[in-house]
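Before any comments, here is the structure.
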Amino acid sequence: QDFHFQQWFRENTRSLRRGFALYKETPFQFCLAFLVVYSIGAYLPLVFLAERAKEFGADESDANRQLAAAGGALSIGAFAMLAVGDRLQLTPMLLQGLGLIAMGFCAVVMLIINNYAGLLSSIILFSFFSGGTLFLSGPSVEQALKSPEKSAHGLGHCQFWDSIFVFIGPPIAGFLYDVTGSYTAPYLIGGLSLVISGALVIAGDRSVKRRRRLSSSSSFAKERNNTFGSIMAQYMYNARNLSIESSL
């Protein structure tokens, strides 16, 4: 039992070291930066939905109905954005970044509309893109890290930090409302944070593509040099055999 425990301890220690080594990699740093900004701002526009619906004359049942509509749009968006990305041949990180920027614009629209129908429509769109971006988190991490083992570690670390920062957004929204007395600051900061997180993901996508192009070009050059060396070695070998044969 002691031996098995020690083996288990060593394996888990190595796994933790491999996981923490990801923090030194630039693509994973982009994933974490996006996640921190997203987790703080994604829920700011949703904190005051019931209050705003009541301001537009909706009753309690209407305010609850918009949450149900948001949940349905969340599920539909997860599959719809994946289908769109497959159709247009977009990478997961690029598609996720575009979805985050669209969420930011929807948050700003929630602020400037002045009727319940517009609020409900913007919530449905916001939830639609939110479902897609959440569904693409795993493929985006896998695209950034390229290795299945690294992707598993990276996704676990991302979910850990997301579970922490997701609780920061609602208190920030309440604090901003208490200080300013209006919904402007929570919605603007939430929308801005989503746009920034989308820009970070798109920048990470460009970084990953650039690294892969450099890696493929260097591997092609290495392969070409190896091929050239093989041809020269074969030529010298044939020339040596011909000279030996001619001397005989």
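See the values below:
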| read-out | value |
| --- | --- |
| Exposure of residue 105 as accessible area (Å², to 10), given a probe of 1.4 Å and all protein chains | 130 |
| Per-residue SASA entry for residue 95, accessible area with 1.4 Å probe, Å² rounded to 10 | 20 |
| Residue 26-residue 51 FRET efficiency (beta carbon distance; Förster radius 41 Å; 0.05 resolution) | 0.50 |
| Sequence of 13, 133, 180 from largest to smallest accessible area, 1.4 Å probe | 180, 13, 133 |
| Given charges at Cβ of Lys, Arg, Asp, Glu: region 18-161 dipole, positive-most of 104, 43, 140 | 140 |
| By accessible area with a 1.4 Å probe, ligands and nucleic acids excluded, highest first: order of 210, 17, 52 | 17, 210, 52 |
| Charge-dipole axis of region 33-138 as Lys and Arg at +1 and Asp and Glu at -1 on Cβ define it, positive-most pick from 77, 113, 89 | 89 |
| Accessible-area value, residue 109, 1.4 Å probe, nucleic acids and ligands omitted, Å² | 60 |
| Förster-model FRET efficiency, 41 Å R0, residue 146 and residue 59, C-beta, rounded to 0.05 | 0.20 |
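The values are calculated or read from the model by the stated rules, or taken from the named source; none is laboratory data. As the structure is a prediction and not an experimental result, all values here were calculated from the model. In this analysis, Cβ positions are derived from the backbone assuming ideal geometry, glycine residues included, and neighbour counts consider all displayed protein chains. SASA here: full protein model, heavy atoms, side chains in, ligands and nucleic acids out. Shrake-Rupley method; radii C 1.70, N 1.55, O 1.52, S 1.80 Å.
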